[in-house]
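Enquirer: Quick one: this structure, given as structure tokens, is what I'll be asking you about.
Derivation of every value follows stated rules applied to the coordinates shown; laboratory data play no part. Everything numeric here is computed off the predicted structure, so don't read it as measured data.
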Amino acid sequence: MRRKLAAGNWKMNGTGASLSEISALAKMYPDASVDILVCPPATLLDRAAHAEQASAVLVGGQNCHAATSGAHTGDLSAEMLRDAGATSVILGHSERREDHGEANEDVRDKARAAMDAGLTAIICVGESLQQREAANTLDIIGGQMSGSIPDQSTGENLVVAYEPIWAIGTGKVPTLEQIGEVHDFIRSRLERRFGEGVGRSVRLLYGGSVKPDNATEIFGVSNVDGALVGGASLKAQDFAGIIDALQKA
Ligand code: 13P
């Protein structure tokens with residue numbers, strides 16, 4: 001059985017004052033039946049990992065460099081994230097693909113580095129509105145998966161997040177049929193490439209405008225093992241509505 005995962009991506013939001021949100025979550029869920037992960041900005045990782053009672057909440061990074069060390073001003077290695085207390089790292093988010101020109105191969109190299117450092121890589125895939133309207137969604141997702149998921153992937157070190165770009169921060173959500181179609185496709189591609197055992201053990205998250213009031217129906221879709229949540233993960237109260245829905249799913 002895949003353990004469900006509620007992951008929050010804080011993006012470029014949060015200073016020390018926001019650590020109270022993590023402590024609040026940890027207090028609300030001392031013994032959750034799902035994994036709870038918060039990915040704050042890197043400046044907060046170490047403090048987040050050591051926040052009050054924070055052992056109930058996992059913390060993760062939002063990016064890492066593909067190299068283990070060296071002359072890369074401003075970058076962070078996977079080992080550094082791990083050293084700061086991260087257990088996972090989000091890679092290939094559409095905002096990084098867009099803002100930093102990250103191609104599938106870059107994402108794959110970063111994912112290798114993350115896995116080598118003992119982190120779980122949460123690899124994001126997703127189509128633009130134009131690609132969906134041109135009925136190219138599954139081709140795009142398939143290409144992103146082939147290009148950015150490394151061969152060494154397992155159910156422990158890989159999570160795949162389906163994040164349609166047009167649903168991120170817009171309040172627009174695909175229909176449940178659309179989510180199901182993509183998640184079933186991702187599952188079958190993983191099984192084909194890695195074999196049924198590994199393919200079935202990788203957790204698949206949906207991301208894009210997940211809120212407490214739409215979480216229950218999204219979590220009822222086949223092959224949805226949790227969510228990657230942006231805006232609604234910033235406040236413990238909102239994120240709790242999503243975690244509650246996932247625990248009941
Ligand atoms: P929102 O939940 O704010 O739409 O963001 C989704 C996302 O990009 C998570 O990585």
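Enquirer: For a bin width of 5 Å, list the pair-distance distribution of the range 94-211 built from all Cα-Cα distances, rounded to whole %.
Expert: 2, 12, 22, 25, 20, 13, 5, 1
Enquirer: May I pose another question? Per 0.36 nm of contour for each residue apart, how much would the distance between THR154 and THR170 grow if the chain were fully extended, relative to their Cα-Cα spacing?
Expert: Computed gain between THR154 and THR170 is 2.5 nm.
Enquirer: Further question: Would you mind pulling out the separation of the Cα centroids of the range 51-94 and the range 138-182, in Å?
Expert: 21
Enquirer: Starting from 0.36 nm per residue, how many nanometres of slack lie between SER55 and THR68 once their C-alpha separation is accounted for?
Expert: The span from SER55 to THR68 would gain 2.0 nm if fully extended.
Enquirer: If you don't mind, there's one more thing I want to ask. For the chain, what does the relative contact order come out to in percent, with C-alpha contacts under 8 Å and a separation of six or more?
Expert: 20
Enquirer: Related question: What's the long-distance tail for the chain, i.e. % of Cα pairs beyond 29 Å?
Expert: Across the chain, Cα pairs with separations above 29 Å total 22 percent.
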